[in-house]
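A short worksheet on the structure shown next.
The values are calculated or read from the model by the stated rules, or taken from the named source; none is laboratory data. Since the model is a prediction, treat every value here as computed from it, not as a measurement. Positions of Cβ are generated from backbone atoms using ideal geometry, with glycine treated the same way; all protein chains shown enter the neighbour counts. The area values use the complete protein model at the heavy-atom level, side chains included, leaving out ligands, DNA and RNA. Shrake-Rupley method; radii C 1.70, N 1.55, O 1.52, S 1.80 Å.
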Amino acid sequence: MGMEPISSGAAQTVLSRLLEAAGQVILDKHEVIKLAVTCLIAGGHLLLEDVPGVGKTTLAQTLARLSGLDFQRLQFTSDMLPADILGASIYHRDTQAFALHRGPIFTQVLLADEINRATPRAQSALLEAMEERQVTLDGATHPLPQPFFVIATQNPLEQIGTYPLPESQLDRFLMRLSLDYPGPQAERELLQGRARREMLVSMNPILDAVAFGQLQATVDRVHVADPLIDYLQALLARSRISSDIRHGLSPRAGIALLRAARTWSLLAGRGHCLPEDLQAVLPSVIGHRLTPRDTALSSTELVARLIASVPIP
Amino acid sequence: MTVSSDPITIGKTPITPEHGWWCLAGLGSALAPHAMRFAPPMWICFIALALWRMLGAYGVLPLPIRTHRLLWWLKQGLALATFGGIYLTHHGQIGRDAGVSLLSTLVGLKFLELERTRDFYVLTFLAYFLVLTNFFYAQSVPSAFYLLAVVTVITGGLIRFNTPRDQVTTGACLRLAARMMLQATPVMVTAFLLFPRIPGPLWGLPQDAFTHTTGLSDHMTLGEITRLGLSDEIAFQVEFDGAPPRAADRYWRGPVLWDTDGRSWHTHDFGSRVPNHPVRRLGVTYRYALLLEPTNERWLLGLDTVTDVGDNGHLGPDQTLWAPQPVKKQIRYALGSTLAVALNELSDAEYAAALALPPHAHPKTRALAESWQRSGGDPAASVTGALDFLRDNGFVYTLLPPAPIGDPIDDFLFRSRAGFCEHFAASFVVLMRSAGVPARVVTGYQGGDFNEISGHFVIRQRDAHAWAEVYLPRQGWTRVDPTSVVAPGRLSLGINAIADPRTALPMIEHNADALRAWREATDLWDAVNYQWSRWVLGYSGQRQLALIQHLGFQTANLQVLALSLLLSVCGIVGLMGIATLRSRAPTDPLVRHYALFCRKLARIGLPRAPQEGALAYAQRIIAIRPDLMDPVNYITRLYATLRYGNTRIAADLLESAVKRFRPRRVPPRLNRA
């Protein structure tokens with residue numbers, strides 16, 4: 001796999017083609033697509049929180065198709081067992097040996113639909129694999145394909161028989177996004193136009209695994225200057241003393257923020273990261289990691305207040 | 001920290017319950033020490049008003065706002081009732097107590113009115129003032145530190161009020177307040193040292209400041225000193241230059257009592273008729289400094305007999321030391337005393353006063369003494385006879401004597417035979433006068449505890465004592481302490497050795513280690529207080545002028561003080577300001593140039609928000625002023641690349657671009673032609 005970084009201008013050209021193509025399928029959601037692509041390139045996992053039917057699956061399929069990556073969809077249910085996700089060792093009589101029967105997790109893009117329907121046991125099997133990027137079965141470790149990208153969806157409405165992810169597990173997702181309903185114009189186009197799934201089949205991938213690896217290597221080359229680190233640290237420190245927030249941001253959240261911000265800079269074709277890049281990814285990266293003291297306060301409002309209270313050094 | 005400077009909105013900052021609690025914390029802690037000093041109605045009134053306001057803040061009770069007619073009138077009525085109540089409590093007397101209790105209850109009423117920003121500030125400044133009023137009552141180390149903490153809480157309330165709720169926690173407010181207090185310390189110390197101290201009534205305490213002072217007085221009624229006998233309050237403290245005299249010789253002379261009505265004894269004013277008598281020293285002179293607690297009396301205490309007064313006052317004919325004015329605050333003075341002196345002179349007026357007895361009083365006592373006079377008539381023999389009488393007839397030393405029946409002297413000598421120093425001294429003097437020997441009662445203190453840590457003596461109210469002096473033909477005035485005949489330990493061991501065991505600490509009585517530790521701890525505490533009194537409370541105008549002279553000023557007067565205070569404070573504030581600016585000033589030239597760019601835009605009404613990134617700012621500017629697009633974009637890109645990118649070439653381009661950038665308030669009309 002080619003891991004040579006490319007120039008930031010070349011990266012921007014490729015990425016803007018990707019965004020444009022995705023924008024044809026998912027209408028009127030430019031910002032969300034940009035953040036989802038950022039999450040994908042940054043090598044993090046994505047949590048989509050939305051009501052059913054707004055295009056979560058389509059988004060996941062589009063990203064997989066355009067990036068030239070394998071795609072698997074896994075619908076979570078309450079009777080699901082870890083083996084249904086990871087796979088199992090099965091004894092073959094003819095070879096007289098155990099052979100691994102790979103579960104649906106062995107793919108590059110996994111859509112874990114309605115993750116909150118599964119029991120915590122099944123959930124944690126997935127989350128552990130997400131964190132480790134490998135699966136251990138019967139003492140043998142099997143690495144997952146590269147890249148490995150999980151898009152989990154969760155229905156935010158409170159429903160009977162669901163197990164919402166605990167706060168500690170939410171931390172495993174780099175970003176949390178929601179698609180929300182389309183605007184009236186976009187919805188009209190959606191109703192009149194072709195079925196999205198059909199459109200998708202006819203589209204050509206824009207990336208392949210090599211290009212994907214090059215992009216990821218380019219993210220590592222995005223320059224981070226000391227003043228930006230100062231700003232990031234000021235944000236982290238502020239979150240820890242703010243009276244709005246119950247628990248401040250962890251160092252892991254800080255690392256995630258910086259990674260996402262650098263990817264975002266690349267999307268804009270810049271070889272260096274700006275405070276604006278941090279501010280752009282901040283709501284989706286930390287929204288699910290912060291608990292407000294006042295439960296009436298939305299996470300959007302919370303993040304807006306955090307940004308407003310920290311001057312850029 | 002976005003505080004609105006808009007004069008219209010500033011008065012309308014909503015007062016939240018949290019602000020109420022902060023305000024109440026400051027006021028309550030400033031008032032708490034007063035709760036012990038005033039009658040319960042005063043603080044119950046304050047608590048009730050505070051409770052009303054806080055319940056109102058949560059919507060439980062209606063508040064007396066102007067629109068609520070009935071409650072508003074109730075509030076006016078309460079204010080009047082407060083005035084009336086305080087007038088009656090203090091019997092119309094205007095002074096410290098009435099003033100402070102009026103202020104305290106009115107603060108409670110003002111707290112009820114806490115509605116707007118202005119009310120919050122008024123209450124905050126009242127709280128600072130209430131802190132000051134505490135110093136009318138107590139100036140000790142613990143109260144000073146407590147009040148420092150109170151000032152921190154009040155300041156914390158101000159900080160909380162001026163910061164949006166989400167930005168700082170309660171702890172952060174208090175920490176910032178504490179830091180501000182620390183930063184203010186150099187100015188505080190300078191002001192303490194250099195603020196002109198004007199002696200006299202301007203800085204004196206109100207008239208009723210000493211109503212609760214205990215101690216000796218210019219009269220003695222039998223049974224009165226018992227109360228002192230049990231008080232641990234410090235009367236005065238002494239530091240000797242060199243070796244101190246023995247415990248049995250440490251008689252601290254106070255007022256001398258001549259006149260009696262049979263029950264009470266009083267000082268005698270000889271006016272100018274009696275001149276001071278020459279004193280002949282017969283032994284070494286002890287030199288010492290004495291730190292006297294306020295007594296509100298004119299006499300001073302000194303080691304018997306004072307021979308060197310300096311300019312601390314003057315000696316009366318009976319060797320009482322008089323101050324120029326009543327001692328209303330702690331004073332420190334240096335004296336010299338000689339234990340053995342000859343006082344041989346006695347004027348006619350004194351002779352008469354030293355033999356006067358009320359007619360028909362003490363018949364039994366007189367009969368006894370007259371029998372001695374008939375048998376020999378030698379004064380010395382009468383003294384011996386009287387002491388023998390006290391020793392041989394089963395007299396008991398007790399701090400809790402039975403109440404006298406009939407004539408107190410006769411009752412003590414012939415019936416109860418139980419009493420303490422003043423009974424012995426008074427009875428002895430009556431016996432002497434009856435026997436024709438001139439005699440007088442001397443009150444003062446005896447002994448005192450030595451503090452090992454600071455090396456000074458502490459004399460407490462329980463060391464109060466009374467003894468007698470008789471005039472013998474050849475020796476002159478001679479001290480006789482009749483108490484020592486009955487209770488010799490009173491002099492050598494101090495009053496603790498013989499005081500009522502009920503007053504001792506029962507827990508540590510039998511544990512020698514604990515007793516020693518307790519003693520050391522109290523010694524340490526006394527030492528701290530002594531140094532506090534000496535260096536902080538005792539820092540007078542005179543010592544201030546001495547300090548100024550020591551600093552090298554030839555003429556030390558108020559102008560010099562004021563000028564040096566002004567210069568010092570300016571110097572300190574200036575130094576701290578420079579230090580702060582240095583730590584804040586952007587060291588990166590890029591930031592300086594960009595800040596100049598932002599200032600130029602701010603001048604045309606487009607300031608940058610602190611959290612606004614450079615690109616976002618540029619976008620906003622261009623949206624409002626498209627004519628500025630080119631220079632703004634150029635400068636912003638240059639700045640962002642130079643500051644956040646990894647190249648530093650062409651840094652001087654930014655400087656020149658910013659210098660050239662001159663935005664105008666009004667955009668030029670391009671299409672006028």
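Of note:
- Some residue of segment B:535-549 being touching a Leu at 6+ places or on another chain (Cβ under 9 Å), surrounded by 12 or more Cβ atoms within 10 Å (Cβ to Cβ), touching a residue at least 24 places away in the same chain (Cβ under 8 Å) and not in a helix (DSSP H, G or I): yes
- Residues that are in a strand (DSSP E or B), within 27 Å of the chain's Cα centre (by Cα) and among the small types (Gly, Ala, Ser), drawn from segment A:85-122: A:Gly87, A:Ala88, A:Ala112
- Among (1) in contact with a helix residue (DSSP H, G or I) (Cβ under 6 Å, 6 or more places away or on another chain); (2) assigned to a loop (DSSP other than H, G, I, E, B) - the single one B:Arg474 does not satisfy: (1)
- Yes/no for B:Arg582 being more than 14 Å from every other protein chain (Cβ to nearest Cβ), in a helix (DSSP H, G or I), open to solvent by 50 Å² or more (accessible area, probe 1.4 Å) and without any contact (Cβ under 8 Å) to a residue 40 or more places away in the chain: yes
- The one condition in (1) in contact with a His (Cβ under 8 Å, 6 or more places away or on another chain); (2) in a strand (DSSP E or B); (3) of a type outside the set (S, T, N, Q) that B:Tyr333 fails to fulfil: (1)
- Some residue of segment A:126-142 being among the polar types (S, T, N, Q), outside any strand (DSSP E or B) and surrounded by fewer than 21 Cβ atoms within 10 Å (Cβ to Cβ): no
- Flag for A:Thr162 being outside the structural domain of A:Arg305 (by TED's automatic domain parsing) and open to solvent by less than 10 Å² (accessible area, probe 1.4 Å): no
- Count of segment B:610-653 residues which are more than 8 Å from chain A (Cβ to nearest Cβ) and over 20 Å from A:Gly271 (Cβ atoms): 16
- Residues in segment A:275-296 that are more than 9 Å from every other protein chain (Cβ to nearest Cβ), open to solvent by less than 40 Å² (accessible area, probe 1.4 Å) and more than 16 Å from A:Ser250 (Cα to Cα): A:Ala280, A:Val281.
- Residue in segment A:250-271 that is among the β-branched types (Val, Ile, Thr), open to solvent by 30 Å² or more (accessible area, probe 1.4 Å), in contact (Cβ under 8 Å) with a residue 12 or more places away in the chain and out of contact with any strand residue (DSSP E or B) (no Cβ under 8 Å at 6 or more places or on another chain) present: no
- Listed by position, the helices (runs of 4 or more DSSP H) enclosed by segment A:209-313 that each have at least 3 residues that are at pLDDT below 90 and in the same structural domain as A:Thr13 (by TED's automatic domain parsing) are A:209-219.
- Residues that are of a type in the set (A, V, I, L, M), surrounded by fewer than 19 Cβ atoms within 10 Å (Cβ to Cβ) and out of contact with any strand residue (DSSP E or B) (no Cβ under 9 Å at 6 or more places or on another chain) within segment B:369-389 comprise just one, B:Ala381.
- All positions within segment A:91-110 that are farther than 18 Å from A:Ala125 by Cβ and either in contact with a strand residue (DSSP E or B) (Cβ under 7 Å, 6 or more places away or on another chain) or of a type in the set (A, V, I, L, M, F, W, C) (or both): A:Tyr91, A:His92, A:Ala97, A:Phe98, A:Ala99, A:Gln108, A:Val109
- Of everything in segment B:168-194 that is assigned to a helix (DSSP H, G or I) and within 14 Å of another protein chain (Cβ to nearest Cβ), the residue that is most open to solvent (accessible area, probe 1.4 Å) is B:Arg175.
- Top-ranked residue in segment B:266-306 [being hydroxyl-bearing (Ser, Thr, Tyr) and open to solvent by less than 60 Å² (accessible area, probe 1.4 Å); ranked as farthest from B:Gly447 (Cα to Cα)]: B:Thr267
- With respect to being out of contact with any helix residue (DSSP H, G or I) (no Cβ under 9 Å at 6 or more places or on another chain) and buried (at least 16 other Cβ atoms within 10 Å of the Cβ), B:Gly310 falls outside the description.
- Restricting attention to segment A:262-277, the residues being under 14 Å from A:Gly44 (Cβ atoms) and in contact with a Ser or Thr (Cβ under 9 Å, 6 or more places away or on another chain) number 2.
- Only listed residue being open to solvent by 60 Å² or more (accessible area, probe 1.4 Å) and closer than 19 Å to A:Lys56 by Cα, chosen from A:Asp180, A:Asp226, A:Asp208: A:Asp180
- Contact annotation: residue pairs with Cβ atoms under 6 Å, 6 or more positions apart or on different chains, pairing a residue in segment B:43-55 that is without any contact (Cβ under 8 Å) to a residue 12 or more places away in the chain with a partner that is outside any helix (DSSP H, G or I), are B:Leu55/B:Leu61.
- When restricted to residues that are closer than 23 Å to A:Pro147 by Cβ and within 10 Å of another protein chain (Cβ to nearest Cβ), segment A:223-265 contains 2.
- Yes/no for B:Gly336 being without any contact (Cβ under 8 Å) to a residue 24 or more places away in the chain and in contact with a strand residue (DSSP E or B) (Cβ under 9 Å, 6 or more places away or on another chain): no
- When B:Leu71 is tested against (1) within 15 Å of B:Glu115 (Cβ to Cβ); (2) modelled with pLDDT under 80; (3) open to solvent by less than 60 Å² (accessible area, probe 1.4 Å), just one condition goes unmet, and that condition is (2).
- In the set B:Arg603, B:Arg592, only one residue is among the basic types (Lys, Arg) and within 14 Å of chain A (Cβ to nearest Cβ); that residue is B:Arg592.
- Residues of segment A:92-99 include none that is open to solvent by 40 Å² or more (accessible area, probe 1.4 Å), in contact (Cβ under 8 Å) with a residue 12 or more places away in the chain and within 16 Å of A:Thr58 (Cα to Cα).
- Out of B:Pro244, B:Pro255, sole residue that is in contact (Cβ under 8 Å) with a residue 24 or more places away in the chain and part of a loop (DSSP other than H, G, I, E, B): B:Pro244
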